[in-house]
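Participant: Before anything else, here's the structure in question.
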Amino acid sequence: MNWDGEKNTMVDNKASTRLHISLGDRAASGLLQGILAGAFIAAVLFPAGLLAGNTWRQALNVFYPFGQDAPLQGLLLHLGVSAVYGSIFGLVQPLIPQRLPGWLAGLGYGVLLFALAEWVLLPQSQFGMSALPPLALLLGHGVYGLVLGFRRQE
């Protein structure tokens, strides 16, 4: 807290900072955090693919939605999607109650993304991720959300 010189009143810097973060800044911050969180989910799902008996190329191909052998493109596409979902998280943060810890908000968001993937997106696609066990996807999306929520904008 500090003194507001014009009104001679105390100002809560945290609340005042929260109001002054632009939507663009929130989206950009979420985008960058989403890329980082996307790398973490890949670090969970890649070994899950290897444990399922896949080669390293097959394990990376789970990220490519068109059923072709394109491990690098799949990984880059996955990071791009992670960035978009991170931006969305950054934009909705003002709607999340302040008393909810960032990691918990992120975890909830990750579980929501898991549900969207598991029951809406994956069943209607040729996405290689649908071959992974749902528990691995849930764990990966949980890690994604935790990393995303760790640096929640206040």
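Every read-out reported here was derived from the displayed coordinates using simple, explicitly stated rules and does not represent laboratory data. Please read all numbers here as calculations on a predicted model, not as lab measurements. Neighbour counts are summed over all protein chains in view; Cβ atoms, including those assigned to glycine, are modelled from backbone coordinates with ideal geometry.
Participant: Under a plain spin-label model, where a point goes 7 Å from the Cα along Cα-to-Cβ, how far apart in nm are PHE150 and TRP103?
Facilitator: That separation, rounded to one decimal, is 1.0 nm.
Participant: On full extension of the chain, what length is gained from GLN124 through GLN58, given 0.36 nm per residue of separation minus the C-alpha to C-alpha distance? Intermediate values should be presented prior to the final figure.
Facilitator: Details: separation 66, 0.36 × 66 = 23.76 nm, distance 2.03 nm.
The span from GLN124 to GLN58 would gain 21.7 nm if fully extended.
Participant: Given an 8 Å cut-off on Cα distances and at least 6 residues of separation, report the relative contact order of segment 22-150 as a percent.
Facilitator: Details: 194 pairs, mean separation 48.3, N = 129.
Rounded, it is 37 percent for segment 22-150.
Participant: Let me ask you something else. Show me 116-124, 39-47 ranked by packing, highest mean number of other Cβ atoms within 10 Å first.
Facilitator: Numbers: 116-124: 13.2, 39-47: 17.9.
Put in order of decreasing packing, that is 39-47, 116-124.
Participant: Please work out the Cα center distance from segment 99-123 to segment 33-53, rounded to the nearest Å.
Facilitator: 16 Å
Participant: Would you kindly derive the ³J(HN,Hα) couplings of segment 116-122 from the backbone phi angles with the Karplus curve 6.51 cos²θ - 1.76 cosθ + 1.60 (θ = phi - 60°), listing them in order in whole Hz, with x for Gly and Pro?
Facilitator: Working through the residues one at a time gives 4, 5, 5, 10, 10, 6, 5 Hz.
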